[in-house]
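What follows is a set of notes on a single structure, which appears directly below.
The values are calculated or read from the model by the stated rules, or taken from the named source; none is laboratory data. Everything numeric in this text was worked out from a predicted model, so none of it was measured. Here Cβ is always computed from backbone atoms with ideal geometry, including for glycine, and neighbour counts include all displayed protein chains. SASA here: full protein model, heavy atoms, side chains in, ligands and nucleic acids out. Shrake-Rupley method; radii C 1.70, N 1.55, O 1.52, S 1.80 Å.
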Amino acid sequence: MKKYLLTPGPTPIPENANLAMMKPIIHHRTPEFANIFEEVIEGLKYIFQTKNDIIVFAATGTGGMQASISNFLSSSDKILVIEGGKFGQRFSKIGKSYGLDVIPIEVEWGKAVDPEIIRQKLDSNEDIKAVYTTLCETSTGVLTDIKTIAEIVSATDAILVVDAVSALGVCELKTDEWNVDVVISGSQKGLMTPPGLSFISVSEKAWAKTEDSNLPEFYFSAMQGKDKLSSFNTPWTPAVTLLQGLNAVIKDIKKQGLENLLNKYAKLAKATRSAVESLEMEIFASQPANAVTAIKAPQGIDSQEVVKYMRDELGVIISGGQAQLKGKIMRIAHMGYMEEFDMIVAISALEVALKKLGYDLELGKGVAVAQNILFE
Ligand SMILES: *Cc1c(COP(=O)(O)O)cnc(C)c1O
């Protein structure tokens, strides 16, 4: 059966990246590697929209999240964490594992945080050292208003950390213009490379915090990474093959232009949302991100069954809900190597699966709505 991978990570790999990863392995303490690494770092700066240093880890996104805590804080420091889903909660878990004083802002899943609440918390807790947020909360499909939050946080001594693992290169994020101190991303979502690379960008304000941070870290030391960055190398053996693949992706992204790419995802997401609504289903997120669309399962239908039918009978792989959303939502990704016809496949398969599972719909209705938006 032909498979279509339409999940919010991992995402499909473009042919150029696959071919680049088939090249013979090279040694990392060579000019050849330094050239590749320099291109990757410069390319990431373009996509992160930053002049800040970018540190690369051989780890998945969670490694970057951990680094964003251990490098900038000290034991029992106070941090503010926006918890509106599984990934926001992960920051709290990591923070607690380091013995930090975690102040969560619990946001109802599917809703976006009101930046004013962050302002109030910062006003009443002047000793908060950092604020942790998620650009696209992949578990709910919600987009966070980072621009407004950054205006609030940059006026304080706290640093702003944004988990953009699923949204970098997909949703707008102007790291420098908006004053975001630390941005975290990973390879297997918008960056169309296999899992195993994680990146953090670090502002001057955040570097200053590393000076008196006393939390333990070894492998994830940003300072050691920075040290080696000057010679376009890494402290430990880098994931050479993945970096070769990423370099090919970056070249393609530069060729297409970031702005064009973001516009494309906006169109894919809009077409998907409109198709879903035409089938009389609801979008789960009140403020939806263009990286992934979370769809409420119709009354009486278990979303896990829809996902399973699509995967096993149709070869179309989307995601269901996590934690308390299990059985309640379906998630279709727009990030990475996705184009118009990927959305047609997703919507068409969704219609077929829902009909098979007893939902009353007219086949092709959502597909036609999407076609009108995608090819207008
Ligand atoms: C995928 C993802 C991560 C990282 O997960 P890993 O499994 O460690 O790659 C972190 N945050 C968000 C928002 C994600 O979507």
### Summary
The lysines whose Cα lies under 19 Å from the Cα of residue 264, excluding any fewer than 8 residues away in the same chain, are 174, 189, 251, 254, 255
### Query
Sorting 90, 273, 29 by accessible area (1.4 Å probe), largest first, what list results?
29, 90, 273
### Message
Straight-line reach from residue 23: which aspartates and glutamates fall under 16 Å, measuring Cα to Cα and dropping same-chain residues less than 8 apart?
### Response
15, 32
### Query
Which longest uninterrupted range of the chain lacks any chymotrypsin sites (Phe, Trp or Tyr not before Pro) assigned by DSSP to a loop state (not H, G, I, E or B) and surrounded by at most 10 other Cβ atoms within 10 Å?
1-217
### Task
Set the Förster radius R0 to 30 Å, insert the Cβ-Cβ distance between residue 156 and residue 236 as r into 1/(1 + (r/R0)^6), and round the FRET efficiency to 0.05.
0.30
## Note on the structure
Computed over the chain: longest principal axis from alpha-carbon atoms vs helix 86-97 long axis, angle to nearest 10 degrees, is 30
### Task
Once you've got the Cα coordinates, tell me which of 326/365; 267/356; 147/226; 45/228; 45/226 are over 21 Å apart.
326/365; 267/356; 147/226
### Task
Compute the separation of the alpha-carbon centres of region 74-106 and region 165-213 and state it in Å as a whole number.
18
### Task
Report, in degrees rounded to the nearest 10, the 0 to 90 angle that the Cα long axis of helix 61-70 makes with the longest principal axis of the chain.
30
### Task
State, to one decimal in nm, how far the label point of residue 1 lies from the label point of residue 108, with both points 7 Å from Cα in the Cβ direction.
3.7
### Query
For residue 302 and residue 16, FRET efficiency with R0 = 45 Å and r from the beta-carbon atoms, rounded to 0.05?
0.70
### Query
In degrees between 0 and 90, to the nearest 10, how far off the longest principal axis of the chain does helix 240-256 point, with axes built from Cα atoms?
70
### Task
Return the distance in nm (one decimal) between the two label points of a simple spin-label model at residue 62 and residue 93, each offset 7 Å from Cα along Cα→Cβ.
0.6
#### Entry: For the chain, share of DSSP beta bridges that run antiparallel, in % to the nearest 5
50
### Summary
Partner aspartates and glutamates whose C-alpha sits under 13 Å from that of residue 93, ignoring same-chain residues fewer than 8 away, are 83, 101
